[in-house]
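J.: Take a look at this one; I'll ask things after.
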Amino acid sequence: MYHHVKKLMYSVRVDTPNVRFGNMLLEQFGGANGELAAAMQYTLQGWNCVDDIARRDLLLDIGTEELSHLEVVGALIRMHLKDLKTNREAAEADPLVTIAGGGGVALFDSMGNAWTANYLKVTGELDVDLRGNIAAEARAKIVYERLIDHTDDPGTIDTLQFLMTREITHMKAFSAALETLQKPPFSIGRLRPTPGIVDEYFNGSTGNGGEGDTDMHGPWQTSFGLHPVESELHGGPGLSVDDIDGTISGEERGKQDAGRPTLDAPEKSELVGAREANS
Ligand code: MN
Ligand code: MN
């Protein structure tokens, strides 16, 4: 259950309100990498994660904190947008919020795009979702950093610094949760990739470009067993696509859900008991 406490997670202060900056801040309210998207992504992952009670708790801890971030960033935006209600010139910074929303915060990004569940990345595969969450935190961090770069208001910077910092905290927690699953880094799901072609780095962009770009070499061609392969169009052998026959001997297909490995999973009876004890 949810319970609201009438206290912001971080006290918000704005020294000089700026409606245009308030509009930019909407990116972190109703935007693709914003706090609502983070809160919903982790919370839904947590609700669906019944096989790993430990990481379920982590997802719900962080999902709930993101909702608190939404409240903080919402309070900050409202302070910046205050003038929209009464000042015609200020209203031009965000006509949608002014006219349709009466100057309050709304679930739109800075360009007026409506928030959508399509922003969420939820696969239901814990390690895959944790990787997605680490990337989501990195995106949120960089958005906060850019917002900080575009304001001189000391109170606003304090709040944004807090929110930006917490995203790195979450990156650390998600990274630890992924690492402690102890899955080999390229082992995703249950089916194995086809040997041979899995290690072929295809040199798909060749020649010299007008801006000085040319064929480059890097460890991405030779690490983790990779080796470079030239296209037939470039005098090479091309990818060994002829070697794919669609199945790998000994593998059972269509059984992704059967015998799915569970981690720290308590007995069903224990689960019910724990829930009752908490209610
Ligand atoms: Mn956040
Ligand atoms: Mn976060």
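J.: Answer yes or no as to whether ALA54 is under 17 Å from the mean Cα position of the chain (by Cα), modelled with pLDDT of 95 or more, aliphatic (A, V, I, L, M) and at negative phi.
T.: Against the criterion (under 17 Å from the mean Cα position of the chain (by Cα), modelled with pLDDT of 95 or more, aliphatic (A, V, I, L, M) and at negative phi), ALA54 does not qualify.
J.: For a quick check of your reading of the model, give me the residue pairs whose first member lies in segment 163-189 and is in contact (Cβ under 8 Å) with a residue 12 or more places away in the chain and in the same structural domain as ASN133 (by TED's automatic domain parsing), whose second is within 10 Å of ligand 1 (Cβ to nearest atom) and among the charged types (D, E, K, R), with beta-carbon atoms closer than 6 Å and at least 6 apart or on different chains.
T.: Once the first residue is in contact (Cβ under 8 Å) with a residue 12 or more places away in the chain and in the same structural domain as ASN133 (by TED's automatic domain parsing) and sits in segment 163-189, its partners that are within 10 Å of ligand 1 (Cβ to nearest atom) and among the charged types (D, E, K, R) give MET164/LYS141; GLU167/GLU137; GLU167/LYS141; HIS170/GLU137; MET171/GLU137.
J.: Looking at segment 26-38 only, could you name the residues that are among the hydrophobic types (A, V, I, L, M, F, W, C), within 16 Å of ligand 2 (Cβ to nearest atom) and crowded, with 21+ Cβ neighbours inside 10 Å?
T.: The answer is PHE29, LEU36, ALA37, ALA38.
J.: What number of residues within segment 149-162 satisfy the criterion of being touching a residue at least 12 places away in the same chain (Cβ under 8 Å), part of a helix (DSSP H, G or I) and away from ligand 2 (no atom under 16 Å from the Cβ)?
T.: The total comes to 4.
J.: Right, another one. Please determine, by comparing only the residues of segment 202-225 that are β-branched (Val, Ile, Thr) and over 32 Å from the mean Cα position of the chain (by Cα), which one is surrounded by the fewest Cβ atoms within 10 Å (Cβ to Cβ).
T.: Restricting to residues being β-branched (Val, Ile, Thr) and over 32 Å from the mean Cα position of the chain (by Cα), the top hit is THR214.
J.: Restricting the search to segment 83-103, which residues are in a helix (DSSP H, G or I) and either aliphatic (A, V, I, L, M) or out of contact with any helix residue (DSSP H, G or I) (no Cβ under 8 Å at 6 or more places or on another chain) (or both)?
T.: LEU84, ARG88, GLU89, ALA90, ALA91, PRO95, LEU96, VAL97, ILE99, ALA100
J.: Sticking with this one: I'd like to know if segment 10-22 contains one or more residues that are in contact with a Phe, Trp or Tyr (Cβ under 6 Å, 6 or more places away or on another chain) and within 15 Å of ligand 2 (Cβ to nearest atom).
T.: The answer is yes, given that some residue of segment 10-22 is in contact with a Phe, Trp or Tyr (Cβ under 6 Å, 6 or more places away or on another chain) and within 15 Å of ligand 2 (Cβ to nearest atom).
The values are calculated or read from the model by the stated rules, or taken from the named source; none is laboratory data. Since this is a predicted model, take the numbers as computed values, not measurements. Note that each Cβ is placed from the backbone with ideal geometry, even for glycine, and that neighbours are counted across all protein chains shown.
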